[in-house]
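The values are calculated or read from the model by the stated rules, or taken from the named source; none is laboratory data. Computed from a predicted structure; not experimentally measured. Positions of Cβ are backbone-derived with ideal geometry, glycine not excepted, and every protein chain shown enters the neighbour counts.
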Amino acid sequence: MTPETPPISFPRHGKIRSIVAGFKRKCPSCEAGKIFSGYLKLAEECSNCAAPIGQIRADDFPPYLTIFITAHIIVPALVIVEVNYQPPVVAQMIFWAAAAIVISLALLPVLKGGVVGFMWSIGMKGDEQH
């Protein structure tokens, strides 16, 4: 029987530092390598230090945060524009829908990176059973 090799230990930084690295779409361990292999797909491991980032499952929290933040930007702006300028309804429907889509698409990978960074900092993979 061969002895098992001990698992490699990767550094875990503080929560804020890991979240900021995640916001930048960088590895929360080495803060240099890429953690995404696509727009939202996590790489199996960090491109720099080989940390097992792909094991982390952020699931629905990044989209929830994206919707929450986007709504808190779009709704007040829509109300302010409507009260002060009263543009045509069709123009507003087109503009605000497009603005919500653009903001959502810009925020989603950033927020997913932040959630992955936070989960890394506390040693959570997201597959824990309750």
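Take region 31-52 and flag every residue that is outside any loop (DSSP other than H, G, I, E, B) and touching a Pro at 6+ places or on another chain (Cβ under 8 Å).
PHE36
Just to be sure, is VAL81 under 20 Å from ILE122 (Cβ atoms), of a type in the set (A, V, I, L, M) and not in a loop (DSSP other than H, G, I, E, B)?
Details: under 20 Å from ILE122 (Cβ atoms): no; of a type in the set (A, V, I, L, M): yes; not in a loop (DSSP other than H, G, I, E, B): yes.
No, not satisfied.
Within region 53-72, can you find the residues that are among the hydrophobic types (A, V, I, L, M, F, W, C) and either in a loop (DSSP other than H, G, I, E, B) or under 11 Å from the mean Cα position of the chain (by Cα) (or both)?
ILE56, ALA58, PHE61, LEU65
Would region 49-56 turn up any residue that is under 18 Å from GLY126 (Cα atoms) and touching a Gly at 6+ places or on another chain (Cβ under 7 Å)? Talk me through it step by step, then tell me what you get.
At the first step, the residues of region 49-56 found to be under 18 Å from GLY126 (Cα atoms) are 51-56.
Those left that are additionally touching a Gly at 6+ places or on another chain (Cβ under 7 Å): 56.
The answer is yes, given that some residue of region 49-56 is under 18 Å from GLY126 (Cα atoms) and touching a Gly at 6+ places or on another chain (Cβ under 7 Å).
Please indicate, with yes or no, whether at least one residue in region 14-29 is of a type in the set (Gly, Ala, Ser), at pLDDT 95 or above, within 18 Å of the chain's Cα centre (by Cα) and over 21 Å from SER121 (Cβ atoms).
no
Which members of region 14-66 meet the condition of being in contact with a His (Cβ under 8 Å, 6 or more places away or on another chain) and hydrophobic (A, V, I, L, M, F, W, C)?
Hit for region 14-66 is ALA21, nothing else.
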